[in-house]
Amino acid sequence: MISRRTFLAATGASLLGGDAGARPDAKGRKKLAIVTTEWRYHSHAWHMGERFLTGYPVKGGWHRPEIDVVSAYVDQVPKNDLSRERAAEFGFTIYKSVAEALRCGTDKIAVDAVLVIGEHGDYPDNEFGQKKYPRYEFFKQAAEVFKADGRAVPIFNDKHLSWKWAWAKEMVDTAKEMKFPFAAGSSLPVTWRMPAVEMPLGAEVEEVMCVAMGGVDSYDFHALEVIQCMAERRKGGETGVVAVQALRGDAVWAAMEAGTWKAGGWDGKLFEACLCRSQTLAQTPTGSHRHPTPKQMSEWVKSPVAYRIEYADGLKATMLLMNGLVGDFTFAGRIKGEAEPLSTLFYLPPNPNVTYSASLMAKAEQLFLTGRAAYPVERTLLTSGLVEAGMQSLGKGQTRLETPHLAVRYAAPKESTFLKD
């Protein structure tokens, strides 16, 4: 890892602290600042930020956003850093602080929007194993510029808001108090679905599930967003979560064998529906199109994780991370009066094009250009709190935690926001 001092010296004066005229204001186009932890191949700055440099595909055509990246702040610079190359290629300036990036070297804010990408990089963990990414710190520094300069602009925050609930809540409250547009979240709710189904608005939903891949404090957030973007459309809207219990290892298999939520597990038909939507369901070396047995699953999945979530209105949800069994994200939900679950695959196209990140940045672009978020930031606030609660439950011996602080209420957007064409 190269130190920031070495990086700043290497980039040269042309990229640091340049004047506000580093890029002409072509035909009144809006200006974007990118604030990120690091910028390398396969990082989220590469996935998300570069959509505003190169454009992205939309409906069979190449879309070029109506906003220009004029500045950036890059917190850490690994040996495979791309930020300097991109700055030279696209003509934006890298500054030494968030405030300077927003002001473009002047004494007043000089951008029209801020994209915060606090994912990847070398940061410490807290006592429960959560990576202490500085998303809150980036947001707070931006808000301080807004307050000092008397002008606020939209902020989009990639992924969850903060590893700490109090900070995540403060971010949402600050945006509301200062009256600037604020959105956040994951690509999962806005990517393609196979089949392209939506939870009916106002449905009486009894139990939901997501079966997913990946680790805690990262992919659990994605899986929780899968659940939440469907669950929030139920009758009465979102009411918040009253309790969370996380399970790991043998406790997951015991819960699965229990067979029902009341017995300490979950609805087996939901689990089967999720597996049947997966395109990556594990098989034996010569097998194909076979439903794995419980014995096979326990052999293939070395460290399963489950979050059992109880909502204030009685809805039950299970998030399962099953590495070795699946390599994708599937959803199933039990709707009152329906014989079979509603189920679908949340489809993530492969690298390097990863169109799902383009779909998320289309929502960010909408925010930047119109000042209107495609979906409520409260969705991401709640899922941020669920990650914290799940990690704390694991760290406290897989105990059930009461979560009165997660009394997050909001209404889902009437229109579906996932990619369809």
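General observations
- Euclidean distance of C-alpha centroids, the range 59-90 and the range 286-315, integer Å: 39 Å
- Scalar couplings 3J(HN,Hα) for the range 233-248, obtained by applying the Karplus form with A = 6.51, B = -1.76, C = 1.60 to θ = phi - 60°, are 8, 6, 4, x, x, 6, 10, x, 10, 9, 7, 9, 10, 9, 10, 9 Hz; x denotes Gly and Pro.
- Across the range 86-92, computed HN-Hα scalar couplings (Karplus, 6.51 cos²θ - 1.76 cosθ + 1.60, θ = phi - 60°) run 5, 4, 5, 6, 9, x, 9 Hz from first to last residue, x flagging Gly and Pro.
- Averaged per residue, the range 195-279 has 35 square angstrom of accessible surface, using a 1.4 angstrom probe with ligands and nucleic acids left out.
- The angle between the Cα long axis of helix 165-178 and the longest principal axis of the Cα atoms of the chain comes to about 50 degrees, rounded to the nearest 10.
- Residue-by-residue Karplus 3J(HN,Hα) for the range 332-349, coefficients 6.51, -1.76, 1.60, Hz, glycine and proline x: 9, x, 9, 9, 4, x, 9, 6, 10, x, 7, 9, 6, 9, 8, 7, 10, x
- Computed on the chain, the Cα convex hull volume stands at 146 Å³ per residue.
- Axis of helix 219-231 versus longest Cα principal axis of the chain: the two differ by about 70°, to the nearest ten degrees.
- 5 angstrom amide H check on Gln76, placed H, neighbours 5+ away: Glu38
- Acute angle (nearest 10 degrees) that the helix 135-149 long axis makes with the longest principal axis of the chain, alpha-carbon atoms: 40 degrees
- Percent accessible area from carbon and sulfur atoms, the chain, protein chains only, probe 1.4 Å: 51 percent
- Solvent-accessible area per residue, Å², over the range 30-185 with all protein chains present [probe radius 1.4 Å]: 38 Å²
- Of Lys140/Lys420; Lys31/Lys159; Lys140/Lys302; Lys132/Lys363, those spanning more than 32 Å from alpha-carbon to alpha-carbon: Lys140/Lys420; Lys140/Lys302
- Here r is the Cβ-Cβ distance between Glu177 and Thr286 and R0 is 51 Å; the resulting FRET efficiency, rounded to 0.05, is 0.25.
The values are calculated or read from the model by the stated rules, or taken from the named source; none is laboratory data. Computed from a prediction, not measured in an experiment: that's the story for all the values here. In this analysis, Cβ positions are derived from the backbone assuming ideal geometry, glycine residues included, and neighbour counts consider all displayed protein chains. Heads up: the accessible areas ignore ligands, DNA and RNA and are worked out on the full protein's heavy atoms, side chains in. Shrake-Rupley method; radii C 1.70, N 1.55, O 1.52, S 1.80 Å.
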